[in-house]
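I have placed the structure first, in the form of structure tokens, so that the comments after it can refer back to it.
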Amino acid sequence: MEANKDDLKHIRLMMERSTKFLSLSGFSGIGAGLVAILGALCAKLILNDKLSIFGNYLFDLTFIASIVIILAASVGYYFSLRKAKKMNSKFWMPVTRQIVADFAIPMVAGGIFSILLICNHATHMVASTMLIFYGLALINASSRTYKDIRVLGFSEIILGFLAGIFIYNGLLFWTIGFGLLHIFYGIVMYYKYDKSGADKTA
């Protein structure tokens, strides 16, 4: 009887691994959050005229945001790949490509919309827009990974609406959403899935 339960558990795990992305690491969230906070500190220095890269606020902030996105994605990729190897699982599978597509569509739309806001001198709404579209991207991709991602997505959207209301505190909400929330989420994910070694899904 016990052997049958183990067999069923193993079959269920194999099915989940083929339909869900379980290699997402808690360290990915922590690392991305730390990178975002560092980027926010640089942005604060730029806005206070204590740091300049190109001598133009818009160019400087755009450059910092681009670096943050690249570094955060690299950190996420590294730790997720490491977790996949530890689980003896393939990283690039059909479900991986699908989750990237699910995530990328709202992100690209949000990026284009943010550029339009900047071009139309509505920069005060960029932080709100980024948070909302990022939240939508997380929710869109959450069906193929851990259910906790959906909660994070809704949290980002709420912060985005708050940033849209308190428009002169955009950097603060950006720091909370991309920095602190990621760190908190990463810690929860680490203890819930990584440290225990349990592959729990929605």
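If I ask for residues that are among the β-branched types (V, I, T) and at pLDDT below 95, which ones from the stretch 122-138 would you list? Hits for the stretch 122-138 are T123, V126. When the stretch 68-89 is limited to residues that are open to solvent by 90 Å² or more (accessible area, probe 1.4 Å) and not charged (D, E, K, R), the one that is nearest to M130 (Cα to Cα) turns out to be I69. Taking each residue of the stretch 176-191 that is under 23 Å from F166 (Cβ atoms) and open to solvent by 30 Å² or more (accessible area, probe 1.4 Å) and looking for partners that are among the β-branched types (V, I, T) and assigned to a helix (DSSP H, G or I) with beta-carbon atoms closer than 6 Å, six or more apart or interchain, yields I183/I30.
Considering (1) open to solvent by 20 Å² or more (accessible area, probe 1.4 Å); (2) free of Cβ contacts under 8 Å to residues at least 24 places away in the same chain; (3) not in a loop (DSSP other than H, G, I, E, B), the lone condition that I46 does not fulfil carries the number (1). For the stretch 156-177, a residue qualifies if it is more than 21 Å from V35 (Cβ to Cβ) and among the hydroxyl-bearing types (S, T, Y), and exactly one does: Y168. For the stretch 104-124, a residue qualifies if it is of a type in the set (V, I, T) and either open to solvent by 70 Å² or more (accessible area, probe 1.4 Å) or over 16 Å from G170 (Cα atoms) (or both), and the qualifying residues are I105, V108, I112, I115, T123.
Restricting Y146, Y134 to those that are part of a loop (DSSP other than H, G, I, E, B) and within 23 Å of F184 (Cβ to Cβ) reduces the list to Y146. If you check A141, A122, A109 for being within 13 Å of the chain's Cα centre (by Cα) and either within 28 Å of L61 (Cβ to Cβ) or touching a residue at least 60 places away in the same chain (Cβ under 8 Å) (or both), only one passes: A141. Looking only at the stretch 90-97, decide whether some residue is under 16 Å from the mean Cα position of the chain (by Cα) and buried (at least 17 other Cβ atoms within 10 Å of the Cβ). Among the residues of the stretch 90-97, at least one is under 16 Å from the mean Cα position of the chain (by Cα) and buried (at least 17 other Cβ atoms within 10 Å of the Cβ), which makes the answer yes.
The values are calculated or read from the model by the stated rules, or taken from the named source; none is laboratory data. As the structure is a prediction and not an experimental result, all values here were calculated from the model. Cβ sites come from the backbone with ideal geometry, for glycine too, and all protein chains shown count toward neighbours. When the accessible area is computed, the model is the full protein with side chains, heavy atoms only, and any ligands, DNA or RNA have been set aside. Shrake-Rupley method; radii C 1.70, N 1.55, O 1.52, S 1.80 Å.
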